[in-house]
1. For the residues S84, S4, what sequence is obtained by ranking on other C-beta atoms within 10 Å, fewest first?
2. Enumerate the calculated ³J(HN,Hα) couplings along the range 62-67 in order (Karplus 6.51 cos²θ - 1.76 cosθ + 1.60, θ = phi - 60°), each rounded to whole Hz, writing x wherever the residue is Gly or Pro.
3. For each of V97, V57, count neighbouring Cβ atoms within 10 Å of the residue's Cβ, then give the residues from fewest to most.
4. To make sure I understand, if each residue's beta carbon is the centre and we count other beta carbons within 10 Å, what order do V99, V29, V66 fall in, fewest to most?
5. From the square roots a ≥ b ≥ c of the eigenvalues of the alpha-carbon gyration tensor of the range 1-55, which class results: rounded (a/c under 1.5), prolate (a/b over b/c), or oblate?
6. Return the long-range amide H neighbours of L107 (sequence gap of 5 or more, or a different chain), with a cut-off of under 5 Å between placed amide H atoms.
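Computed from the coordinates by the stated procedures, all read-outs in this text should not be read as laboratory data. Not measured: the values here are computed from a predicted model. For neighbour counting, all protein chains shown are included, and Cβ atoms are generated from backbone atoms with ideal geometry for every residue, glycine included.
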Amino acid sequence: MARSLNQVTLMGNLTRDPELRQTPTGQNVTSFSLALNRSYKDASGEWQEATDYIDIVAWGPLAERVAQYLSKGRRCLVQGRLQSRSWEQDGAKRSKVEVLASDVTFLDSRGEGGEGGAPAGGGSSAPASKPAPSKKTDDVVIEDIGDEPINLDDIPF
């Protein structure tokens, strides 16, 4: 019999600041939610926008990093698996499907993104008028051009 596959990759923006908690045994757990935007054509052929909201849970050191560096509005890529859980609340049975994150990639650079800006304890970014730093590897000089546009006339081919 073939094994099942439970793998999820999502990219979106945080809908709220991550919430870091500790279990009674001292294990760190962070929960947050991603907004996933999509476009589709309706029955009349008009483009419509829709947003899906997905709850994410991260454990251990990953939970600490997510809580430290991500904030509401920031973009990230989450890889993990779907997990369902159920519980009883006020006499009613409740259930939920969420993503258990195995990896979270922060997609915004410092200072970009939502309300959070730079990570806690973050540094300042260099002024735009300052020349980009160069790195020398043997006889090759590699320049970090940053976000400056490339002039196609400067390309030798």
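1. Values: S84 8, S4 5.
Placing the least packed residue first, the sequence is S4, S84.
2. These are the phi-based 3J(HN,Hα) values: 5, 4, 5, 5, 4, 5 Hz.
3. Placing the least packed residue first, the sequence is V97, V57.
4. Fewest to most other Cβ atoms nearby, the residues stand as V29, V99, V66.
5. On the way: a/c = 4.81, a/b = 1.60, b/c = 3.01.
The shape class here is oblate.
6. Counting only residues 5 or more places away or on other chains, the set is R75, C76, L77.
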